[in-house]
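**Student:** Questions regarding the structure given below will be posed in turn.
Read-outs: derived from the displayed coordinates by stated rules, not from any lab. Predicted, not measured: the structure shown is a model, and the values here were computed from it. Here the Cβ positions follow ideal geometry from the backbone for every residue, glycine too, while neighbour counts run over all protein chains shown.
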Amino acid sequence: MKEPILTPEAARVLNFVGLLCLIGVLVGAYIYQFSYRELPCTLCLLQRLAMLGVAFGAALNLTFGPQPRYYGLCLVSAVFGIGVAVRQTLLHINPYFDTDIGQPTLEVTTNPPFGSPVFGLDLYVWGVVVFAVAILAIGVALMFRGQFEPVEEEPEWFERLAAIAAILLFAMASVETISALLECGFGDCPNDGSWNWWAFH
C-alpha cells in the first residue's frame, strides 16, 4: 500500500494556516480584552506565551522547511499551554479549592469564573480546546515523512509567505510583551483587573 504523501510545499502552507489561526486567536483575545476591559491573569498570559511558541515553531517550518525539531517546539509549547489551561479550568470547577489561600479546604468555596464567557465557554476552557487541537494536528502532521524531503528550488511565494509570517509573529509578540509589561511591570501580575503601568517593582 502506497504511503500518503505530504509534500514540503503543502506542509508549509498548512503551517502557515496554523500560524494564522493562532494569530487570529490572539487578536481575538485582545479585542475581547479591550472591548470588555478585562485584563488577562497570570495563567492567561502564560497561555498566550504558549500560543506564540506554537506559532513560532510553525513559522520556522514555513521559513526553513518542515523539520521534526520545529514540530517538537510546537508540541512542547502546546503541551505546556494545555497544562496551564487545564490547571486554570480546574481552579474554577473545584468547589473545595480556595484560591485566596492557594490550598484545598473542607468547605465549599465560591470561585467564580475569570472573565466573561465566549459562546458559553470561558477563555481558559477555549485554551484547552485550542491546545488540544494543536497537539492533534502536530501528531497527524508528523505521520507524513514526505514533507521532510529536501526541496531543490524554493518558489518565490515561499519567501513572501515567510515574510508575512515573520511580520505577523513579530508584531504579535511585541504587542504581548508591551501589554504584559504595562499590566505587570517586572513583578507579579495584579490579577485583579488593574494596570500597574510603569510602576515596576
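**Student:** Mind putting together the pair-distance distribution for segment 8-184? All Cα pairs, 10 Å bins, whole percent per bin, short to long.
**Tutor:** P(r) over segment 8-184, rounded to whole percents: 9, 34, 31, 17, 7, 2, 0.
**Student:** Can you give the local net charge around Ala85? Use residues other than it whose beta-carbon is closer than 13 angstrom to its beta-carbon, Lys and Arg +1, Asp and Glu -1.
**Tutor:** Summing Lys and Arg as +1 and Asp and Glu as -1 gives +1.
**Student:** Using amide H atoms built in the peptide plane, which far-off residues or other-chain residues are under 5 Å from Glu38 H to H?
**Tutor:** Under 5 Å from the amide H of Glu38 lies no amide H from a residue far enough along the sequence or on another chain.
**Student:** What number, in percent, do you get for the relative contact order of segment 8-184 if the mean sequence gap of Cα pairs under 8 Å and at least 6 apart is divided by its residue count?
**Tutor:** The value is 28 percent.
**Student:** Using the Karplus curve 6.51 cos²θ - 1.76 cosθ + 1.60 with θ = phi - 60°, work out ³J(HN,Hα) for each residue of segment 147-164 in order, rounded to whole Hz, and write x for Gly and Pro.
**Tutor:** Going residue by residue, I get 5, 8, 5, x, 9, 5, 9, 7, x, 5, 5, 5, 4, 5, 4, 4, 5, 4 Hz, with x marking Gly and Pro.
**Student:** Could you list Arg48, Arg87 so that the one with the fewest beta carbons within 10 Å of its beta carbon is first and the one with the most is last?
**Tutor:** Arg87, Arg48
**Student:** Enumerate the calculated ³J(HN,Hα) couplings along segment 20-27 in order (Karplus 6.51 cos²θ - 1.76 cosθ + 1.60, θ = phi - 60°), each rounded to whole Hz, writing x wherever the residue is Gly or Pro.
**Tutor:** 4, 4, 5, 4, x, 4, 5, 4
**Student:** What does the charge count around Glu154 come to, taking other residues whose C-beta lies under 14 Å from its C-beta (Lys +1, Arg +1, Asp -1, Glu -1)?
**Tutor:** Numbers: positive: Arg12, Arg160; negative: Glu9, Glu149, Glu152, Glu153, Glu156, Glu159.
Once positives and negatives cancel, what remains is -4.
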